[in-house]
Amino acid sequence: ELGGLNVVELWFATNLIAMVGTGEQPSRSPRRLCLFNTITGASKKDLNFRSTILAVRFSRTRLIVVLQDKTFIYDLNSTRILEEIDTVHNPKGLCAFAPNSEWCYLAIPASTSKGSALVYKASEPELICQIDAHESPLAAMAFSSNGMYLATASEKGTMIRVYIVAQATKSHSFRRGAYPSTIYSLSFGPCIDRPDVLAATSSSGSLHMFFLDAARNGRLHSILSYCNSRTTFVDIFLTCFTFQEPNK
C-alpha cells in the first residue's frame, strides 16, 4: 500500500513514476523521492533529502527536484547530481521545465520581492539568463513545448507576459483583468516553432486564452463556435490583442 502522496510525476509514456509521500507511512517520507516501477510494483531508486520535496520534473535524461531553498539537477540514468542550486525561499516549489531535447530549460524564482526568474540549461547544466518580468513576486511560469518561450504571471495576476528565452526579451504582454487574481496555471498550445495560443486559469473562476500570432483568427472562430454550442460548460474569456506597458 502506497499511502498518501504529495507528488506524482510520470516519466513520459513509460512504467516509471516519481512519487513523494505525505509521511503517513515511515517509508513514504515527504523528504524521500521514490522512482517506482509500476509493472514490477517495486522501487527502482530512492533519493533522500534534508527537507520536503515540493516539485519533481522529468526529461528523457534529466531529473529535477525542487525543495524550499534548493533545486537539484540529476542525470536520470545514473541518478548522479549534476548541479545543486541554492535558491531564494520557494515554499510552493514554483518552477517551469521544458523537457525538449534541444532546449532543455529550467526556470526558478530569482527573488522573493519581485517577479524575476533564473533560466538554466539543464542539459549542461548552466545558467542562461535572468528574466525580470514583473514588479510583484512570481505566481506561475510555463515554457512552450519547444522551450523557446517562457510565460510568466505575478502574484498580482493582472498581467501575463511571454519572453523569448534565448534573447531574454519580452515578445508579448496580455492583460488578464483589472482586478488582482491568483493565477493557478499557464499552458501553451502545442507547437513546432512559435506557439499560437496561451491559456491561463485563475481564482476568478475563468479560463483565459491569449493568441500570439495570425493563426488566432481560425482558432478564435472554432472556440467561439464551441462557446455558442449547447454543450458549453465553462465560461471562456478571449483576449486577442497585445500591447506594451510599464512593468507591473
Fill in the blank from the handout: Residues of segment 11-20 being more than 20 Å from ILE81 (Cα to Cα) and either at pLDDT 95 or above or aliphatic (A, V, I, L, M) (or both), in sequence order, are ALA13
Completion exercise
Note on segment 143-161: residues surrounded by fewer than 24 Cβ atoms within 10 Å (Cβ to Cβ), over 15 Å from PRO99 (Cβ atoms) and not hydroxyl-bearing (Ser, Thr, Tyr) are GLU155, LYS156, GLY157, MET159, ARG161
Handout entry: Residues of segment 157-183 that turn out to be out of contact with any Lys or Arg (no Cβ under 9 Å at 6 or more places or on another chain), within 13 Å of MET209 (Cα to Cα) and part of a strand (DSSP E or B), as a count
Key = 1
Exercise for the section: Keeping to segment 128-162, report how many residues are touching an Asp or Glu at 6+ places or on another chain (Cβ under 8 Å) and on the phi > 0 side of the Ramachandran plot. Expected result: 1
Handout entry: Among the candidates THR52, THR71, THR87, residue that is within 20 Å of LEU150 (Cβ to Cβ), among the polar types (S, T, N, Q), surrounded by fewer than 20 Cβ atoms within 10 Å (Cβ to Cβ) and at pLDDT 95 or above
Key = THR87
Practice task
Could you tell me whether any residue of segment 131-153 is farther than 18 Å from THR87 by Cβ, in contact with a strand residue (DSSP E or B) (Cβ under 7 Å, 6 or more places away or on another chain), acidic (Asp, Glu) and in contact (Cβ under 8 Å) with a residue 12 or more places away in the chain?
Solution key: yes
Fill in the blank from the handout: Per the filter on segment 81-113, residues farther than 18 Å from ILE53 by Cβ and either part of a strand (DSSP E or B) or not assigned by TED's automatic domain parsing to the domain that holds TYR149 (or both) are ALA98, PRO99, CYS104, TYR105, ALA107
Handout entry: Residues that are over 16 Å from PRO99 (Cβ atoms), buried (at least 16 other Cβ atoms within 10 Å of the Cβ) and under 16 Å from the mean Cα position of the chain (by Cα), drawn from segment 180-196
Key = ILE183, LEU186, GLY189
Exercise for the section: Please go through segment 175-189 and pick out each residue that is farther than 11 Å from LYS156 by Cα and among the aromatic types (Phe, Trp, Tyr). Expected result: TYR184, PHE188
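Quickly run through segment 31-63 and pick out the residues that are among the basic types (Lys, Arg) and either within 16 Å of LEU82 (Cα to Cα) or in a strand (DSSP E or B) (or both).
Residues satisfying the conditions are ARG32, LYS44, LYS45, ARG57, ARG60, ARG62.
The values are calculated or read from the model by the stated rules, or taken from the named source; none is laboratory data. Worth saying up front: this structure is predicted, and the values here are computed from it rather than measured. A quick note on method: Cβ atoms are made from the backbone with ideal geometry, for glycine too, and the neighbour counts reach across all protein chains shown.
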